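Colleague: The structure follows.
Taken together, the values in this text are just the output of simple stated rules run on the coordinates, not laboratory data. Given the structure is predicted, the values throughout are model-derived calculations rather than measurements. Here the Cβ positions follow ideal geometry from the backbone for every residue, glycine too, while neighbour counts run over all protein chains shown.
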Amino acid sequence: MNLKRFNMFSMENKMIGWLRHVLTAISVLLFVVGCCILCYMAWVLATSITVSRFLSGTLIFTYSVLGVGFLFFMSGLVGWVAGASEMLCVLRLYLMMLILAVAGEIGGIVALNLLQLRLDDVLINGWAEVNQGTRNIVQTNFNCCGFYGPKEFAYTNYPLSNSCYDTIQEVTKETFTDAHQLKQNGCGAPLKFWLDDNKAIWCSILAALGGLQLMCIILCIHIIHKLKDKAGYKRASDKRRLHDEKGAYSL
């Protein structure tokens, strides 16, 4: 009987160890995703004029992306520690953070639907808050200038960046000279079309991240129950050994 209990106890230890490694790996992945988002937003804030308006309460896109990045960063870090240490208190904290994160994400999706925000509104707000480096990447890849086109710079003091110009070669008297031609198309329409065409990809990525969080919740609950059973079995074994020692001492 004791050998059977010992075998069951050993199998539970192996199962907890395997699940712990899976939980740690997923948590590290979520931690890396959070680090990437926070590093990008730090670059955006450090190289744009939005940093001066950060405390104004008007940068909805910036706050939302920072919030998502912070959730992934903190939950991944706590999950990393929880999976490596197998401490019940840390696992419970991680479970609570995951539940709050998933609830917040679901609440954000519901809020977007209730406010009836369209993809155009998100793109407009995002374009206004990102830095010039991000705009240059978009303008170079989509061969465009500005969100609506170069006309949006007509009544502002913002200079046109080099990514708003196409470099073409002109032949004059058997010599080649570089000429710069201003791009006339805005980036709003091609950016929206690109997101619509690749909707399956980025929706799958978002769904995969949500699925990993749900998987972590399930793993956390299972590991917590296994650790509780392990602790109960250990207490029962200690009581049984103490009882046997008392019985042997009385004899």
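Colleague: Kindly indicate which of Leu71, Leu55, Leu77, Leu38 is of a type outside the set (Val, Ile, Thr), free of Cβ contacts under 8 Å to residues at least 40 places away in the same chain and touching a Phe, Trp or Tyr at 6+ places or on another chain (Cβ under 7 Å).
Modeller: Leu38
Colleague: Which pairs do you get when a residue that is closer than 10 Å to Ile217 by Cα, found in the range 82-103, comes within reach of a residue that is hydroxyl-bearing (Ser, Thr, Tyr) and assigned to a helix (DSSP H, G or I), reach meaning Cβ atoms under 8 angstrom, with the pair 6+ apart or on two chains?
Modeller: Cβ pairs passing all conditions: Tyr94/Ser27; Tyr94/Ser75; Met97/Ser75; Leu98/Ser75.
Colleague: Which of the residues belonging to the range 63-121 are assigned to a loop (DSSP other than H, G, I, E, B) and surrounded by 15 or more Cβ atoms within 10 Å (Cβ to Cβ)?
Modeller: Glu86
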